Protein chains: 2
Amino acid sequence: MRKLLVIGTIAACAALAVAPMYADEGMWMLHQLGELDQAKLKAMGITLTPTELWDLKTNTGLASAIPSLGGCSASFVSAEGLIVTNHHCAFGAIQQNSTPEKDYITKGFLAKTKAEELPARGSRVYVFKGYEDITTAVRSALKPSMKPEERGKALETREKELVAACEKDGLRCRVASMYNGYKYYMFKQQELRDVRLVYAPPRSIGEYGGETDNWMWPRHTGDWSYLRAYVGADGKPADFNAANVPFKPERFLKVATVPVKEGDFTMIMGYPGRTMRYRLAASLQDDLEFNYPQRVKTSKETVAILEEHGRTGKDVEIKLASRVKGIYNGLKKSEGMLEGLTKSDLIETKRAEEAKLAAWIAADPARKAKYGAAIATLERLQAERRATRERDMVFGSIGQSSSLLGAASTAVRWAEERAKPSDLDREMGFQARDERQLRQRFSLTQRNLDLPTDKDLFAYALRRAAALPAGQRIAPVDAALAGTGKTGDDAIKALIEKLYGTTTLADEKSRTAMLDEDLATLQARKDPFVDLALALRKESKKIEEADKRSEGEAIVANPLYMEALLAARGGALYPDANGTLRFTYATVKGYSPRDGVYNKPFTTLAGVAAKHTGKGEFNCPPSLLEAAKKGPYERYTDPRLGDVPSCFLSTNDITGGNSGSPIMNGKGELIGLAFDGNYEWLTSDYEFSDDLSRTINVSSIYMLWVMDHLDKAHNLLREMGIEPLAK
Amino acid sequence: MRKLLVIGTIAACAALAVAPMYADEGMWMLHQLGELDQAKLKAMGITLTPTELWDLKTNTGLASAIPSLGGCSASFVSAEGLIVTNHHCAFGAIQQNSTPEKDYITKGFLAKTKAEELPARGSRVYVFKGYEDITTAVRSALKPSMKPEERGKALETREKELVAACEKDGLRCRVASMYNGYKYYMFKQQELRDVRLVYAPPRSIGEYGGETDNWMWPRHTGDWSYLRAYVGADGKPADFNAANVPFKPERFLKVATVPVKEGDFTMIMGYPGRTMRYRLAASLQDDLEFNYPQRVKTSKETVAILEEHGRTGKDVEIKLASRVKGIYNGLKKSEGMLEGLTKSDLIETKRAEEAKLAAWIAADPARKAKYGAAIATLERLQAERRATRERDMVFGSIGQSSSLLGAASTAVRWAEERAKPSDLDREMGFQARDERQLRQRFSLTQRNLDLPTDKDLFAYALRRAAALPAGQRIAPVDAALAGTGKTGDDAIKALIEKLYGTTTLADEKSRTAMLDEDLATLQARKDPFVDLALALRKESKKIEEADKRSEGEAIVANPLYMEALLAARGGALYPDANGTLRFTYATVKGYSPRDGVYNKPFTTLAGVAAKHTGKGEFNCPPSLLEAAKKGPYERYTDPRLGDVPSCFLSTNDITGGNSGSPIMNGKGELIGLAFDGNYEWLTSDYEFSDDLSRTINVSSIYMLWVMDHLDKAHNLLREMGIEPLAK
């Protein structure tokens, strides 16, 4: 079912790449660094060599200092495991430690000593440990004799075997498919499980500008927070324990105290989540016509429900805060995507490029024989997917609508997978290695559960299901509604009353107990949510079964398509982002968002104060307003700006997942944190634009100034080797 | 009553000027040109001498080419009386010739020959004929023995005598008080009464961006239209007559075909309406706290009423269009003023400057004796005005609310003034010289009259009057409402039914007849609107009587204050704008509207097309969209921009009334038309900002390109000496 939650799927969609015509395009894998134009990089300002960034032979280098947080990126900034990332990446950790009385979200938090640091339960730090090419090992699992429907399973089994072998060393391993399955790599990470909240500025700095400024320039958000990774006294990863000791990273970044200027070299390492630079025009067309418009609609309707409930009380508001934030983020992104795709001629460009590639293939009998059918196959698969897109979208959202149904579905799946003969047979995400996180997530659910909200979200999902066209109905939902003996909204109301009235899943103990029950025991509960989850699982199996054939066809067509593309293009080509560590180099640079306007590359402290309205998202701390009137602030005041820099723009090529990534100067010093892209950049997931795609970074100078003069995080400054200036 | 219609009054408010610290500040009178730094002007790029712009001895010069349209500015651009001004200045002329069938507002209009030109009834062209200093003649009317309440009348009588003497030559004369009565000048104009509509682009070009873009940058409005002035065969001003001949201006402007660039010299001559650069801080405070907030509120409520009615039919919409446009314009301006005043520290600055001037005065016994009491007196008068501000605002708006009541009030006043022994005794605006325009206005009322709208606007005014606090009630309105025997909204409803049910003023003939009736005859009509107008006039006389004393005090205090200020400052100081011809010099220049953003000085044709949404205010003609994809367009394409320039910014110091002003290069060629200021510029009526105050001009190049390639106004291009390029 996971597959249906995302728009299109990487596995099934491949398209013609846009060549990296511009200097700054490209999310490069570390082994590609040596293939780039070294003279040009040096001229731009880098002083580190590719092997200093990452040495593939020794598995050491600057990249050791750049862990993933699972969805976000970060950097180590001290020998004691101190980590800096975005405020919005640490938001969950701040939220779970906040109560209406101790409101760290609003007021910020600073541990003056290590003892005051707060556990960030559920948080993980994944330290980069290198990767290797396993293409042959993976692809040899595919036999020419296999039927399409057998291929997916064969690949999956092989990947699991390889992961299991890799994890023998105690590392966490992941197979990453690059170029849509043309290449496979095994990525290794050390998973640190004791993560603590060290420092977060008040929301009025860390989230300054809020949803209004999200994806926008000019920007003035102080989007940073600090965590610390701990390990057992033996130096090995361990669960939270007061006796644990700070993790000693192999490398950590020096934080720059000298401001950068326009035109300076910048590089970012981080974990971009997903780009779609090699997709077919037909797939883009579906995004433009269906997926984004639908997303916009459902996001708006969902957030309206959440906000209505949030107004009923501060505690409810805190429970829903993270979710509301996430939806707004996604909504604005979908809207920007829609706007960008509508305005651009990207689809036409892609079509033209596809035609060109087809001509290149057709021009040579050998190429024709090898690659000839790939485009047609992929287009056919896209058309097949289109036939059930309404159902797929609703089906994917039902399990997410109610936390109780979500928990039941997870328990059902967990029981199903555990019943399998060996761990290798189990679906990823439901293997033995996933148990700890699963249990923790179950326990955390309680914290954010608000039953009235849960009911309304579920009702909304049911209404969507009830509105599906004939031929795309979801049978278990239809059956459940029919079972009430009523129709329309009455049936939905009755079903919800029945489910929430008799379920025991709202009780944490009862819910958690499900994780130890097998399918028969779950069934015997006669819990209506579990029953619905069982029925939905039966349905999703049917869908998965049907999908296997098309998946198998794509498994062959996609790599062929990419191979043809690589051959036709020649030269280095970076793969799409997929959550693995990447490198992007660029410069500090403004842009023209529209005719008659130029967005300058820097904002300033004065600009922070100028946006202050005293209300909502623009409500600076009084100390900041006071301080903004004073100055200069010695090393923090950039003489070129005559002020403390706040945020800056760079031409780095990033995407979601890069949040919290260090942006570095040519010496590898942290000059800021990437935390957003501009509105015009949104469509860069499809195509990077040298004119319009910009990374928005918060300056290290602003961060250090706030830590020094406002938040008095002098202990942390000293830990990073920076002597505070404020008294 | 007129006095109450404007915010504060110039006569009663004077304050400390902000010295023209910046090169580009200043709306200079023409005789001051010689006092400016000629070397600097030359270095900036002017090649004309002050006397070429205007020779005070011979009363000739470039200014002859720049007539006033009464509220707007314009230029002659051919020897045949062809005039170019803003589209929004010619809007009334376009509107009165438009019908749902011949919708020139939407489709534009082009007279291919002079015979096709359409009469613009009510339009006037006032040709500049020079001015002279009459300070001694005016101020000698004031005798030391006079009581304050006698001074206003004495000044008025003297001014009328001087105007009457001046108009003996057949010119139109006006006494303009400068520096709040410290100086007086007699301005002479030739009034041309036969004005015709020659060419207007479609609204989708001429109003492109509409209210959304109003006061905004980047801007892409093609805000131009062409008129032509006619005179009798004898060359003298005459009413419309098909036999009339084109007016031959003494001078006309050459339209530049070479684009300007950033940093180029620019100058504007035109008729800025009103600035308040010398007002007291106390007066500004009242604007900020009361006047603008009230204006915003009533504008919003009024426009809501108009728009609701506009939706009832295309004919109603056309009738109300001009009014809606005007209110939106004022609303956005009031909002910008409020925002600007709230953000700036202008009031504090003014207070500090007032204190400084007070100290300068106090430092010398002779100065103290002469100027000592002026500031205190002016502040006291301001405080007195504050006590009745709610009533004054509502009283001023009642007569404007209903067109029928407005007509009745005018007729009553006209009868009252005509009964006076001599023309000189009559109030300005109600003298013999005003009769023609008054009659024309009465006749035009019919064209824009929509009774349901009129009723609702009147009801709105009555509700506001009913809500006035005790001590500020308007007795005649209270009496009329009480006369219905009802209370609250019922009384308002009943009064409106009575008034509209029995009046004959909706009939054009009956209404126009009033202008020939004396007060007794009007009274004998027993028309309820006339009765109300009579009662309101009685009330306003009471108010005027009470105002005479404070007016008399201001007449003495204001000039003393300004005299002190001029002496304290030294050097050339320009007077506030008051609708007389002024000169402002500057450069083409962008600005930073906020931290992190720079507004570039030019927009382009590509930018026009990029704003196109196909809806509402952003709906380009298809021909424009097509053409924008092509090019380059020979002389119209600026190689620096790689495109046809659309609009541009300059640092000229202008205000409302400058609309339609020619912006010229150093040679006096028309390089565009000023049509707006930026949002940040709005508060420049109080204080000019070199950083933020910008004039928005439409480029002559864009105008010529549209005339050449889209609207095919080749006859006009040739008349202006420009050979068209399009086939």
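The values are calculated or read from the model by the stated rules, or taken from the named source; none is laboratory data. Quick caveat, the model's predicted, so the values are computed rather than measured. Quick reminder, even Gly has a Cβ in these numbers, built from the backbone with ideal geometry, and neighbours come from all protein chains shown. These accessible areas exclude ligands, DNA and RNA; they are computed on the full protein's heavy atoms, side chains included. Shrake-Rupley method; radii C 1.70, N 1.55, O 1.52, S 1.80 Å.
Before moving on, here are some points about what is shown:
- With the highest mean first, a sort of the peptides A:279-289, A:307-317 on other beta-carbon atoms found within 10 angstrom per residue produces A:279-289, A:307-317.
- Cross-link reach list, lysines versus residue B:129, counting only Cα pairs under 18 Å and skipping chain neighbours closer than eight places: B:57, B:168, B:188, B:236, B:248
- Taking a ≥ b ≥ c as the square roots of the Cα gyration tensor eigenvalues, the stretch B:348-404 comes out prolate, since a/c reaches at least 1.5 and a/b is larger than b/c.
- Shape call, the stretch A:484-633: gyration tensor on alpha carbons, a/c limit 1.5: oblate
- Taken about its Cα centre, the protein assembly as shown carries a charge dipole of about 380 debye when Lys and Arg each add +1 at the Cβ and Asp and Glu each add -1 at the Cβ.
- Counting Cβ atoms of other protein chains within 10 Å of each residue's Cβ and taking the mean over peptide A:598-608 gives 3.
- Helical runs assigned H by DSSP (4 residues or longer) give chain B a calculated mean residue ellipticity at 222 nm of -13000 deg cm²/dmol, each run adding -39500 (n - 2.57) before division by the residue total.
- When residue A:616 is represented by a point 7 angstrom out along its Cα-to-C-beta vector, the spacings to that point in the other copies are 1.9 nm, nearest first.
- On the basis of the beta-carbon distance and an R0 of 30 Å, residue B:487 and residue B:290 show a calculated FRET efficiency of 0.60.
- Listed peptides B:641-652, A:518-529, B:212-223 appear in the order B:641-652, B:212-223, A:518-529 once ranked by packing, highest mean of other Cβ atoms within 10 Å at the front.
- Peptide packing for B:132-142, B:657-667 was compared via the average number of neighbouring C-beta atoms within 10 Å per residue; ordered from the highest value, the list is B:657-667, B:132-142.
- For the stretch B:202-282, alpha-carbon Rg and Dmax in angstrom: 19.3, 56
- Pairing chains B and A buries close to 1100 square angstrom of accessible surface in total, based on protein heavy atoms and a 1.4 angstrom probe.
- Chain B: radius of gyration over Cα atoms, expressed as a fraction of 2.2 N^0.38 Å: 0.95
- Taking Lys and Arg as +1 and Asp and Glu as -1, the other residues whose beta-carbon sits under 13 Å from that of residue B:129 total -2.
- Counting Cβ atoms of other protein chains within 10 Å of each residue's Cβ and taking the mean over peptide B:631-643 gives 0.
- Gyration tensor (alpha-carbon) shape descriptor, the stretch A:97-173, a/c threshold 1.5: prolate
- Counting only residues at least eight positions apart within a chain, or on another chain, the lysines with an alpha carbon under 27 Å from that of residue B:143 are B:3, B:153, B:160, B:183, B:368, B:370, B:420, B:541, B:542, B:548.
- Look at the dipole of chain B built from charges on Cβ: of B:480, B:700, B:110, the Cα furthest out on the positive end belongs to B:480.
- Given A:600/B:589; A:343/B:261; A:332/A:600; B:114/B:667; A:455/A:498, the pairs whose alpha carbons are separated by over 18 Å: A:343/B:261; A:332/A:600; B:114/B:667
- Residue of chain A whose Cβ sits closest to the axis mapping A onto B, with distance in whole Å: A:598, 2
- Residues of type lysines that residue A:107 reaches as a straight line, Cα spacing below 26 Å, ignoring anything fewer than 8 places off in the same chain: A:314, A:319, A:325, A:611, A:615, A:629, A:630, A:712, A:727
- By accessible area, using a 1.4 Å probe on protein heavy atoms only, the protein assembly as shown has 54% of its surface on carbon and sulfur.
- Hydrodynamic radius (Kirkwood) for the protein assembly as shown, which is based on Cα pairs only, to one decimal in Å: 37.0 Å
- Average accessible surface area per residue within the protein assembly as shown, 1.4 Å rolling probe, Å²: 39 Å²
- Relative contact order (percent, whole number), chain B, Cα cutoff 8 Å, 6+ residue spacing: 25 percent
- Think of chain A as having a plus end and a minus end, set by charges on the Cβ of Lys, Arg, Asp and Glu; of A:321, A:535, A:119, A:535 sits farthest toward the positive end of this dipole.
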